[in-house]
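The values are calculated or read from the model by the stated rules, or taken from the named source; none is laboratory data. All values derive from a computational prediction rather than experimental measurement. Using ideal geometry, Cβ is built from the backbone for each residue, glycine included, and neighbour counts are taken over all protein chains shown.
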Amino acid sequence: MPDNRRVSAQRKTRGASPQGPAGGDAGPAFRSGFACLTGRPNVGKSTLTNALVGAKVAITSDRPQTTRHVIRGIVHRPDAQLVIVDTPGLHRPRTLLGERLDSLVRSTLTEVDVIGFCVPARDPIGPGDKYLARELANVKGTPVVAIVTKTDQALPGVVAQQLLAVSELGEWADVIPVSAVSGYQLDELAKVFISHLPDGPPLYPDGELTDEPEQIMVAELIREAALDGVRDELPHSIAVVVEEMGPRSGTDDLTDVYAELYVERPSQKAIVIGTGGARLKQVGTRARRQIEALLGTRVYLDLHVKIAKDWQRNPKQLRRLGFYD
C-alpha cells in the first residue's frame, strides 16, 4: 500500500523562492501543493478526483469503501499544480484492514496543504459526518474546505439546506457545492484549493496525471469490474493482485496481464466466478476495455479466483496482498 513519504519529501524539497513552471527569473507567483479529499465512505471522493484531474485515476463504485489506498491525481494549471489526494473513507474500523485504512487517512491529513471535507447534498447529516468534523477540528494549522458533493442529485432547495447544515458542523475555510457529474463549480473548487497552496515550483512533470504505478492501476481496474453488481457483503472481501504484466515477446501492441482475485470464502468464490464462469468472463471483458484504454495497447487478460481465508483480519495475508503496516 503506498504511503505518504513522497508527499513529505516533495514538501521538504520545494524551491526556496517562487518561480514559473520553467524556472529562471521570478515571474507571476506559481503555487503547488496537495489537497486531500476526505469524508465518509461513498460520498463521491474518487469521482470528484477524476473530474478535477480530467481523467480516470481512481476507480469508482456505488459500494462503500471502494478506495483502499491513497491515490494522487495531478491538476495542471498555468499558474499552479494541484495534487488531489483521494483517501479511503473514514469509518469506525471492524477489521485489521479497516484499522490500517483508518491510520492511512489520518497520516495523510497531516501531510497536505489543504483538506476537502466531502458531504453529499441529499444525505442528511449523520453521526459519521459529525464524527469526522470533530476529527478535522483537531488537525491544527491546515485549512479545511467543506464540499457539498453530488448536487446534481438534489433539488436547489435541498442543496441550500445542506450548505447551511454543513456550515454549522464546524469552522471551515470555505464552503462550496459541486457536482463531479455535471461539472458544476469544479473550476471554482480548484481555485479555492489553489488559494490555500504555498508558492513553489511544480512537483510533477507537465502532463503527468498520477504517480500511481501502472500495475497497481490495472489491479484496481480489475477490482472495479469485479465490484459491479455483486452482493452487499462481497465488495470488502475482494482483493486483486497483478502477478505478471508486460508486452508479449515479438509483438508491438499486445500486453499480457496475469491477475488473481482473492476472496475469503468458497461461497464468495462461486459468486465471483458465476454459473459456468459467466460472471468472471464479464469481469474480464469490462476490465480489459479499461486496461486497454489505460495502456494504449491490446490486452490479453488472464484472471483466476483464489481463497485467502479471512484475509482482512490476517496480518500475513494483508502484507501478501499489499496492505502493509
Self-check item: Some residue of the stretch 295-308 being of a type outside the set (D, E), within 20 Å of the chain's Cα centre (by Cα) and closer than 17 Å to E220 by Cβ
Solution: yes
Practice problem: Report, by residue number, each residue of the stretch 82-128 that is modelled with pLDDT of 75 or more, among the hydrophobic types (A, V, I, L, M, F, W, C) and in a helix (DSSP H, G or I). | Solution: L109
Quiz prompt | Selected residue (only one of D174, D187 is assigned by TED's automatic domain parsing to the domain that holds G54, out of contact with any Cys (no Cβ under 7 Å at 6 or more places or on another chain), among the acidic types (D, E) and crowded, with 16+ Cβ neighbours inside 10 Å) | solution = D174
Self-check item: Residue among E233, E244 that is surrounded by fewer than 18 Cβ atoms within 10 Å (Cβ to Cβ), farther than 22 Å from N50 by Cα, modelled with pLDDT under 90 and not basic (K, R)
Solution: E233
Practice problem: Out of L203, L221, report the one residue that is more than 19 Å from A133 (Cα to Cα) and in contact with a strand residue (DSSP E or B) (Cβ under 6 Å, 6 or more places away or on another chain). | Solution: L203
Self-check item: Some residue of the stretch 194-213 being within 20 Å of N50 (Cβ to Cβ), part of a helix (DSSP H, G or I) and either over 21 Å from the mean Cα position of the chain (by Cα) or not polar (S, T, N, Q) (or both)
Solution: yes
Self-check item: Residues located in the stretch 250-299, provided they are in contact with an Asp or Glu (Cβ under 9 Å, 6 or more places away or on another chain), polar (S, T, N, Q) and surrounded by fewer than 19 Cβ atoms within 10 Å (Cβ to Cβ)
Solution: Q282, T297
